[in-house]
Amino acid sequence: MFRKIGYGLVLWVIPYVTAIPLLPLMQRDLVYFKTIMIVEGTLVGGVLTALYFLRIERNFLREGIVLAAVWILLNWALDFVALLPFTKMPFDRYFIEIGARYLAMAAPTVVAGFLLERRAARRT
């Protein structure tokens with residue numbers, strides 16, 4: 001569980017920190033800013049998913065599902081603590097603009113787990 005949480009922290013911190021110097025862009029072109037954030041989050045999430053599964057030897061699909069859940073919940077919690085007070089964004093607006101996008105974290109982790117599970121089943 002430590003690695004799941006640790007990688008989830010990295011997945012949240014990298015885009016959060018890199019967004020700070022891009023704040024002027026957010027004022028000029030919000031769509032471009034959000035596109036950069038989504039692409040960056042996807043790349044970081046993909047790398048962390050690959051690194052995570054390098055050490056997993058069984059129950060791949062279950063691991064992918066649990067990993068997605070931990071990352072989504074952790075990112076929401078960190079946003080509630082660090083992002084919402086900073087932006088003063090209402091809770092419902094947060095989920096429309098940001099929070100629901102975290103659900104996409106499930107795609108790479110669950111797909112990786114599914115494919116690894118399937119490969120493992122073929123070998124036995």
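Every number here is computed from the coordinates shown, using simple stated rules; none is lab data. As the structure is a prediction and not an experimental result, all values here were calculated from the model. Glycine also receives a Cβ, built like all others from the backbone with ideal geometry; neighbour counts cover every protein chain displayed.
Observations on the structure shown:
- Residue in the stretch 85-103 that is under 21 Å from Glu40 (Cβ atoms), assigned to a helix (DSSP H, G or I), of a type in the set (A, V, I, L, M, F, W, C) and in contact (Cβ under 8 Å) with a residue 60 or more places away in the chain present: no
- Among the residues of the stretch 30-84, the one identified as part of a helix (DSSP H, G or I), over 13 Å from the mean Cα position of the chain (by Cα) and polar (S, T, N, Q) is Thr35.
- Residues in the stretch 1-38 that are of a type in the set (Val, Ile, Thr) and touching a residue at least 24 places away in the same chain (Cβ under 8 Å) were compared, and the one that is nearest to Phe53 (Cα to Cα) is Ile5.
- Selection count, the stretch 96-124, where residues are touching a Phe, Trp or Tyr at 6+ places or on another chain (Cβ under 9 Å) and crowded, with 16+ Cβ neighbours inside 10 Å: 9
- Members of the stretch 42-72 that are crowded, with 21+ Cβ neighbours inside 10 Å and small (Gly, Ala, Ser): Gly45, Gly64, Ala68
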